[in-house]
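Please read the structure below before turning to the comments.
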Amino acid sequence: MKDTIALMPVHLMDSIQNVFGNENWRIVNGKDTTYQYFSRRNDLLIHVYQYKMQHGDSVQSVLNKIYCTPKGILWQQDTDTFQLLNAKQNSNTWVHHSDTLQYQLILSVTIEQQFQGKRAIMQQTINLTDFLVRSRYDFLHGTHYANDTARFKRTVNKKTK
């Protein structure tokens, strides 16, 4: 029995990273806003943290991953797994059954996402750590430094003497 060696397409992972980077992205889809943070862990793995913001804090956090297998590059998302169909320096295309998920880098800070006939825009935000700290500060103080879509109303604590 011969051992087979599966060559992992690291260059395709590089193309995926060229689109998403190691960045924090805001995805506005109608009235719904979610965030994804892409973190390249090694040549064959990218972690994708997906979350929403509520009261200045991240909620509904999910860890997804993009990883290499001998069958190709897979993106595990919530309940579905997409397989990479095509990766170029400015775009990538994924498939799940008959559904196609496409990402096109429009500007260095903007990505167009298309899935099931719907279009969403991804906008790069500040790094994840600063974003979370500033979002919490914005919630507590009624400011808007985090560059997110949430608009908080300022609340004043009235202390009685």
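The values are calculated or read from the model by the stated rules, or taken from the named source; none is laboratory data. Small disclaimer: the values here were computed from a predicted structure and weren't measured. FYI the Cβ positions are ideal-geometry reconstructions off the backbone, even for glycines, and counts take in every protein chain you see. Remember, those area values only see protein heavy atoms, side chains included, never the ligands or the DNA or RNA. Shrake-Rupley method; radii C 1.70, N 1.55, O 1.52, S 1.80 Å.
Applying the criterion of being out of contact with any Phe, Trp or Tyr (no Cβ under 7 Å at 6 or more places or on another chain) and surrounded by 14 or more Cβ atoms within 10 Å (Cβ to Cβ) to the residues of the stretch 74-87, the residue that is nearest to Thr110 (Cα to Cα) is Ala87. A count restricted to the stretch 127-140 and to residues that are open to solvent by less than 70 Å² (accessible area, probe 1.4 Å) and over 17 Å from Tyr37 (Cβ atoms) stands at 2.
Output the residue which, of all residues in the stretch 108-126 that are open to solvent by 90 Å² or more (accessible area, probe 1.4 Å) and polar (S, T, N, Q), is farthest from the chain's Cα centre (by Cα). Of everything passing the filter in the stretch 108-126, Gln116 is farthest from the chain's Cα centre (by Cα).
Being more than 22 Å from Tyr49 (Cβ to Cβ) and acidic (Asp, Glu) is a property that does not hold for Asp78. Checked against the criterion of being over 14 Å from the mean Cα position of the chain (by Cα), surrounded by 13 or more Cβ atoms within 10 Å (Cβ to Cβ) and farther than 30 Å from Phe139 by Cα, the candidates Leu12, Leu105, Leu101 yield just one match: Leu12. Sub-8 Å Cβ pairs linking a first residue in the stretch 122-141 that is closer than 9 Å to Trp25 by Cα to a second residue that is in a helix (DSSP H, G or I), at least 6 apart or interchain, are Thr125/Phe131; Ile126/Arg134, ordered by first then second residue. Checking Asn18, Asn29, Asn42, Asn90 one by one, the residue that is at pLDDT 90 or above and either under 23 Å from Lys118 (Cα atoms) or of a type in the set (Lys, Arg) (or both) is Asn90 and no other.
Counted as qualifying within the stretch 1-103 are the strands (runs of 3 or more DSSP E) with 3 or more residues that are over 27 Å from Phe131 (Cβ atoms) and free of Cβ contacts under 8 Å to residues at least 24 places away in the same chain, namely 80-88, 91-96. May I ask you to list the residues in the stretch 15-31 that are open to solvent by less than 70 Å² (accessible area, probe 1.4 Å) and among the charged types (D, E, K, R)? Listed by number, the residues that qualify are Glu23, Arg26.
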